[in-house]
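First up is the structure itself, then whatever we jot down about it.
Just so you know, all these numbers are worked out from the coordinates, no wet-lab data involved. This is a predicted model, so every value here is computed, not measured. Cβ: placed from backbone, ideal geometry, glycine included. Neighbour counts: every protein chain shown.
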Amino acid sequence: MEDTYINETLAVKVGHVFPPDTNNHGTLFGGKLMSYIDDIASISAMRHSRSPVVTASTDSVDFLAPIRTGESVCLESIVTWTGTSSMEVFVKVLAENLITGDRKIAANAFLTFVAVDEEGKPVPVPNVIPVTEEEKYLHETAKERVEARKKRRAASKELAHVIQKGKPWK
C-alpha cells in the first residue's frame, strides 16, 4: 500500500441552484448542501482507500454565506489525514454568481470515513502526503481535530447510554 499525495484524492462537484433546491429565503436548503457534502467527501475517501467507506462522523458544517437561487455551488473535497482505517476529509463549498463571476466560500466541513471490506470490517488505508501550504496546514492541524473527535464521541456514547432506556420521549 503506497502513500498518496493529497491532491490525488481531490473530488469536485458543481451544480446550479434552482428554485426547488431553496428555502423560503431563496437560499440553498442546508440539508441539501449537507447531502452534497457527504456525497463528495465519500468520493474522496473511496478514491484514496480504493474500498467501500462508511461515514463515521461529520464534525461540523459551518455555513459561512448563503448560496442563492441562480448561483452555482462548487464543492471540493480532499483527504487531509489518515489513521489506520479512518480518513479525515475536508470539504470546501464555494458559491459563484455566474453573471458577475463573484465567488465566495459559503461553507466548509470536516468528515471522517472508515474504509471497510465487503463484510463491513475496517481495512487499512495508505497515508496521505501534503504538498501545498493549505494541505500542510490541514494535515498538521488534524491531530487536534482527531483528539476533539475522540472526546466528542465518548461524550456522545455517554449521552446515548443515559437517554437510551428503550422508552420513547414523554
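When DSSP assigns beta bridges and you keep just the ones with both residues in region 4-163, what percent turn out antiparallel, to the nearest 5? In region 4-163, approximately 95 percent of DSSP beta bridges are antiparallel ones. Non-local lysine pairs in the chain, meaning eight or more places apart or on different chains, with alpha-carbon distances under 14 Å, amount to 5. Ranking Val162, Ser60, Phe113 by how far each Cα lies toward the positive end of the dipole of the chain (charges on Cβ) leaves Val162 at the top.
Our note on the geometry: Cα centres of region 115-158 and region 45-69, 13 Å apart. Ranking Val146, Asn7, Asn24 by Cα position along the charge dipole of the chain, where only Lys, Arg, Asp and Glu carry charges on their C-beta atoms, puts Asn24 farthest toward the positive end.
Charging the Cβ of each Asp and Glu at -1 and of each Lys and Arg at +1, and nothing else, the dipole of the chain about its Cα centre rounds to 940 debye.
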